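These notes concern the structure reproduced below.
Every number in this text was worked out from the coordinates using simple rules, so none of it is lab data. Not measured: the values here are computed from a predicted model. Because the Cβ atoms are built from the backbone with ideal geometry, glycine has one as well, and the counts that use them run over all protein chains shown.
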């Protein structure tokens, strides 16, 4: 079960960008001490303003991160390579599988996400369109 603080009703109401339940591998990198940490996570949902990640590794709050993912499939108008930078703004724990939930706010909105999703064909995996 998700921690209530990661995706509470008040947080959803404050969002200014539509979120899509897109689950894809995401490559994350960030400065950790004197080296760059790199690892893979999975997107839980994505919007032009940010992304919710699921990972076995934690990223400290307010950390600047770089991420890359490929969005493709039958509900995507054309394949999209998302490359963005942002900052971790919320952390939580998914107690069902002992993973971390990491909310990242993009430094700049990624408008290609909404313009490349076919709203008629979109069928989010395991969730609602939000």
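Between residue 107 and residue 64, the simple label model (points 7 Å from Cα in the Cβ direction) yields a spacing of 0.6 nm.
Averaging the Cα positions of each part gives two centres, and for segment 90-105 and segment 26-41 these lie 17 Å apart. Computed extension gain for residue 37 through residue 96, at 0.36 nm per residue and net of the alpha carbon distance, reaches 18.6 nm.
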